1. Just checking, does the stretch 193-204 include any residue being in contact with a Pro (Cβ under 8 Å, 6 or more places away or on another chain), open to solvent by 10 Å² or more (accessible area, probe 1.4 Å), within 15 Å of residue 301 (Cα to Cα) and in contact (Cβ under 8 Å) with a residue 12 or more places away in the chain?
2. Tell me the residue from 57, 95, 47, 11 that is closer than 27 Å to residue 247 by Cα and of a type in the set (Lys, Arg), please.
3. Within the stretch 27-52, can you find the residues that are under 20 Å from residue 204 (Cβ atoms) and open to solvent by less than 40 Å² (accessible area, probe 1.4 Å)?
4. Tell me, yes or no, whether the stretch 144-155 has at least one residue that is of a type in the set (D, E, K, R) and under 20 Å from residue 246 (Cα atoms).
5. Restricting to the stretch 274-302, count the residues that are polar (S, T, N, Q) and at pLDDT 95 or above.
6. Residue check, residue 112 against (1) touching a Phe, Trp or Tyr at 6+ places or on another chain (Cβ under 9 Å); (2) open to solvent by 40 Å² or more (accessible area, probe 1.4 Å); (3) not in a helix (DSSP H, G or I), all met but one. Which one?
7. Could you please give the count of residues in the stretch 115-139 that are part of a helix (DSSP H, G or I) and open to solvent by less than 10 Å² (accessible area, probe 1.4 Å)?
8. Answer with yes or no whether residue 327 is modelled with pLDDT of 95 or more and assigned to a loop (DSSP other than H, G, I, E, B).
Amino acid sequence: MNFKNFYKNKKVLITGATGFKGAWLSLWLNILGAKVYGIGYKPNNNKRLFNQLNLKKKISFKNIDIRNFRKMSKHIKSIKPEIIFHLAAQPIISKSYEEPQNTYYINSFGTLNLIEIVKQNKFIKSSIFITSDKCYESNNSTKGFKESDKLGGIDPYSGSKACAEIITNTYYQSFFKDKIKRGIATARAGNVIGGGDWSKDRLIPDSIKSLSKNKKIIIRNPNFNRPWQHVLEPLNGYLMLAFNLYKMPEKYSGPWNFGTERNTITNVEEVIQKIIFNWGDGKYKKINKKKFYEQTNLQLNIQKSKKILKWKPKLSINKCISITVDWYKKVLNEKESVEKITTDQILNYMKINDKKN
């Protein structure tokens, strides 16, 4: 793993540190010896994992709304991070229909605020803006979206993420490329799963909640295909990308896909069956009620990341689901320490990564 010693004592800022991916990334960087600074927003319904991992004792944390340019700018100037991972977002599609304006403010204007701050401060060497695989214009392709494919979005969430991509690219082309030698990249991941996600309207958390209460899992879109991946897979890509951006900004700036291998694309019903198998028992029920628009096929082409960044997925779909379900079983049924389970899974993944590199 080429970044193993790179992050030691590096000042790293994570926006959205109290979110699901942000909490996992904060802990991983803490393990790597980085000086981690986190920004979160109150209220955050998914802050449970952040608290269970005791991250307030491990990182320097501050509640700031990313829509507040003045406060963000003042805080970043005071801590002077060298590397930024921007994960703060309104991440739920269903909520984007309930609060479309708010979704755009957070996901688009939050990105605009941060990249303007990056432009103004030379101490920031490497910045990754995490968007989504849903930033592409839907074409129901089974070949997978490439980084150069057209951006778009029918639902407000997807549209807001496409806007974030456009904002980042225009800033890079206008103010960084050939002018300021600093790394600016966007990262697009698949449907991320893993222990500690308690969000509403997500397949794994909803399934675990039903199983733990001996209720049937309700499946809304059984045939929808998604690039399911364990949270550590894209986070590994982000860490590799930030490392390379820091060293060679011209080569590694731009958009990157961190998805799954094509043969691991799995539909919702198959995922539910695998969850039930790993849980030990349970039942599910299919319903035809369609609440809002979602893409039927959603796949990413990861050839650029594999070829140039030398990143590739390490875990099979079966392994992704088994370690995810194992996390919840140990926490909910066996009352084991969240901090220990999560740390062990990160360390085990690092060992797998070292063996396969």
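The values are calculated or read from the model by the stated rules, or taken from the named source; none is laboratory data. Note that the coordinates shown come from a computational prediction; the quantities given were computed from them, not determined experimentally. Ideal geometry is used to build each Cβ from the backbone, glycine not excepted, and the neighbour counts take in all protein chains shown. Ligands, DNA and RNA are excluded from the accessible area calculation, which covers all protein heavy atoms including side chains. Shrake-Rupley method; radii C 1.70, N 1.55, O 1.52, S 1.80 Å.
1. Restricting attention to the stretch 193-204, the residues satisfying the condition of being in contact with a Pro (Cβ under 8 Å, 6 or more places away or on another chain) are 197-199.
Retained after the next criterion (residues that are open to solvent by 10 Å² or more (accessible area, probe 1.4 Å)): 198-199.
Add one more test, that the residue is within 15 Å of residue 301 (Cα to Cα), and what stays is none.
No, that holds for no residue.
2. Values: 57 fails: closer than 27 Å to residue 247 by Cα; 95 fails: closer than 27 Å to residue 247 by Cα; 47 fails: closer than 27 Å to residue 247 by Cα.
That would be 11, the only listed residue that is closer than 27 Å to residue 247 by Cα and of a type in the set (Lys, Arg).
3. So in the stretch 27-52, the residues under 20 Å from residue 204 (Cβ atoms) come out as 27-28, 44-52.
The answer is 27, 28, 46, 47, 49, 50.
4. Taking the stretch 144-155 first, the residues of a type in the set (D, E, K, R) are 146-147, 149-150, 155.
Pick out the ones that are also under 20 Å from residue 246 (Cα atoms) and you get none.
Scanning the stretch 144-155 turns up no residue that is of a type in the set (D, E, K, R) and under 20 Å from residue 246 (Cα atoms).
5. Kept after step one, since they are polar (S, T, N, Q), are these residues of the stretch 274-302: 278, 288, 295-297, 299, 301.
Keeping just the survivors that are at pLDDT 95 or above gives 278.
Number satisfying all stated conditions: 1.
6. Unmet for residue 112, out of (1) touching a Phe, Trp or Tyr at 6+ places or on another chain (Cβ under 9 Å); (2) open to solvent by 40 Å² or more (accessible area, probe 1.4 Å); (3) not in a helix (DSSP H, G or I): (3).
7. As a first pass, look at the stretch 115-139 and keep what is part of a helix (DSSP H, G or I): 115-120, 133-135.
Now drop any that are not open to solvent by less than 10 Å² (accessible area, probe 1.4 Å), which leaves 115, 117-118, 133, 135.
Qualifying residue count for the region: 5.
8. Values: modelled with pLDDT of 95 or more: yes; assigned to a loop (DSSP other than H, G, I, E, B): no.
When the stated conditions are applied, residue 327 does not pass them.
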